[in-house]
Amino acid sequence: MCYDDKARPPYPPISGGAADGQEIVLTAADGNRFSAYIAHAAQPGSAQVLIYPDIRGLHQFYKELALRFAEIGIRALALDYFGRTAGLTARDESFAWAPHVEQMTIPTFLADAAAGLAYLQAEGRTRATFVVGFCRGGTLGLHTGAEVFDLAGIIAFYAGMSRPIAGARGTTLEQAGKNRYPVLGLFGGADPGIPASDVQQLEAQLALAGVPREIVSYSGAPHSFFDRKYVEFANESTDAWTRVLNFIRAHAGA
């Protein structure tokens, strides 16, 4: 189960600053128009992130997550990858996401991701850019890592590795073995959809790729544990935030 409408991202373990966000519409090179949410930092630092949501697309959790990043100086853009089949409609609890997941292809997704990266880099060319993906978005992050983009790293929360995606050049694990960028992978140890053997294979494939990597599995934590309503996993969420920020600092070149 991915995030529902009551889910909210945990606060980062440092004091927040000012940020503002707005919904925008981006256009891919092939003319596809899709929704996105940009959050600007009042005092921007040396990094920015492109957020890949879960299977429900660009819903409130990811807009708030973009703001949390911006509050700590990291400009953030969250994109919606259902514009091709669902248009510019809302991604609230009523959105029937399953048919749109089935119609997604890697080539068209990468075209949309390229548009998101171009938007970020047009205003922040000197900033290191990271992909941060959740669930389906984490999987898509691993596929992105095999492509030639101007990226500083891939951060994947609970990336599934067993389901094929149309148009992919290989399985998610095979693409991880072609990764070009440092990777931080964060998993719930009690996630029934992502067995420990898959996580171990991911680490082996990233080792094959020869990229810096850090793979963390939180014992007893479920899928989507990174959520304020999971108060029993507050320590894991804080640790995950710390690892994300340390990873960005380490690979931002600042």
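Points worth noting:
- Criterion applied to Pro107, Pro99 was being within 27 Å of Phe225 (Cα to Cα), outside any loop (DSSP other than H, G, I, E, B) and more than 17 Å from the chain's Cα centre (by Cα), and the one residue passing it is Pro99.
- Sole residue being free of Cβ contacts under 8 Å to residues at least 24 places away in the same chain and within 25 Å of Gly73 (Cβ to Cβ), chosen from Ala128, Ala113, Ala122: Ala122
Every residue, every condition in (1) in contact with a Gly (Cβ under 9 Å, 6 or more places away or on another chain); (2) farther than 18 Å from Ile248 by Cα; (3) among the basic types (Lys, Arg), yes or no:
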| residue | (1), (2), (3) |
| --- | --- |
| His40 | yes, no, no |
| Leu79 | yes, yes, no |
| Glu93 | no, yes, no |
| Ala98 | no, yes, no |
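- Some residue of segment 113-128 being modelled with pLDDT of 95 or more and either part of a strand (DSSP E or B) or hydroxyl-bearing (Ser, Thr, Tyr) (or both): yes
- Scanning segment 22-72 for residues that are modelled with pLDDT of 95 or more, in contact with a helix residue (DSSP H, G or I) (Cβ under 9 Å, 6 or more places away or on another chain) and small (Gly, Ala, Ser) gives Ala28, Ala29, Ser35, Ala36, Ala39, Ala47, Gly57.
- Within segment 138-171, restricting attention to residues that are surrounded by 24 or more Cβ atoms within 10 Å (Cβ to Cβ) and polar (S, T, N, Q), the residue that is nearest to Ala98 (Cα to Cα) is Thr139.
- Qualifying residue in segment 11-26 (condition: small (Gly, Ala, Ser), in a loop (DSSP other than H, G, I, E, B) and touching a Phe, Trp or Tyr at 6+ places or on another chain (Cβ under 8 Å)): no
- Checked against the criterion of being in a loop (DSSP other than H, G, I, E, B), within 17 Å of the chain's Cα centre (by Cα) and modelled with pLDDT of 95 or more, the candidates Ala221, Ala190, Ala146, Ala168 yield just one match: Ala146.
- Residue, surrounded by the fewest Cβ atoms within 10 Å (Cβ to Cβ), within segment 53-77, restricted to residues that are touching a Phe, Trp or Tyr at 6+ places or on another chain (Cβ under 7 Å) and within 18 Å of Ala128 (Cβ to Cβ): Leu77
- Residues satisfying the stated conditions in segment 197-214, i.e. crowded, with 16+ Cβ neighbours inside 10 Å and either among the hydrophobic types (A, V, I, L, M, F, W, C) or not in a helix (DSSP H, G or I) (or both): Val199, Leu202, Leu206, Ala209, Val211, Arg213, Glu214
The values are calculated or read from the model by the stated rules, or taken from the named source; none is laboratory data. The structure presented is a predicted model; accordingly, all values stated were derived computationally and were not measured. So basically every Cβ, Gly included, is an ideal-geometry build from the backbone, and we count neighbours across all protein chains shown.
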